[in-house]
1. Looking at the stretch 85-116 only, could you name the residues that are out of contact with any helix residue (DSSP H, G or I) (no Cβ under 9 Å at 6 or more places or on another chain), open to solvent by 80 Å² or more (accessible area, probe 1.4 Å) and either more than 16 Å from Val58 (Cβ to Cβ) or among the acidic types (Asp, Glu) (or both)?
2. Tally time: how many residues in the stretch 45-74 are farther than 17 Å from Val19 by Cβ and either open to solvent by 60 Å² or more (accessible area, probe 1.4 Å) or at pLDDT below 65 (or both)?
3. Can you pull out every residue in the stretch 1-44 that is of a type in the set (Ser, Thr, Tyr), surrounded by fewer than 15 Cβ atoms within 10 Å (Cβ to Cβ) and under 17 Å from Glu144 (Cα atoms)?
4. When the residues of the stretch 139-162 are narrowed to those that are surrounded by fewer than 20 Cβ atoms within 10 Å (Cβ to Cβ) and more than 14 Å from the chain's Cα centre (by Cα), which ends up nearest to Gly91 (Cα to Cα)?
Amino acid sequence: MIDTRAPEGRARLTAALGVARWVDEVADHGPYGSVAALVETADRASRTLTDAELDEAVAHHPRIGQRAEGDGTSSLLSASEQEALGRNDAGVDAAIARGNEVYEQRFGRVFLIRAAGRSRQEVLDELQRRLKLDEAAEAAEAKEQLRQIAALRIGTLFEEDA
């Protein structure tokens, strides 16, 4: 049984997606009989993220290509996810850094992408594609990335409880 209502469960949910309303909603529906049931509820709760909640969540994420600050669970997960991007490539890394700056100037927040399962080049390609979106489309895209990140992190954070 996965008890998300206990303080430790709530802390893990917060590391998965740092949005207070989402954590409350997902935690209050527990306990869960499986990780799949937890992910399903988490996904449903994340489909109603507001723009303010997007900003709340992004505050917990480092820039892509930069190390997360701190040693909390969320920071450790971010570091692991970004390490999975593979070997450094000076040209691609410089292009991502430049793209991050342009993105932040354009949209007023850190570029957010599910790094797991992607290469550095794929991240760069997505960054360049998303820079062409309007604000509403990009906010929707960033929220989708948050949903994907949360689902992956829940699997990691609660796998031992299943």
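1. Across the stretch 85-116, the qualifying residues are Ala90, Arg98, Glu101.
2. So the answer is 8.
3. Scanning the stretch 1-44 gives no hits.
4. Taking the candidates together, the pick is Glu159.
The values are calculated or read from the model by the stated rules, or taken from the named source; none is laboratory data. As the structure is a computational prediction, the values presented were derived from the model and not from experiment. Here the Cβ is made from the backbone with ideal geometry for all residues, glycine too, and neighbour counts use every protein chain on show. Keep in mind that these areas ignore ligands, DNA and RNA; they rest on the heavy atoms of the full protein, side chains included. Shrake-Rupley method; radii C 1.70, N 1.55, O 1.52, S 1.80 Å.
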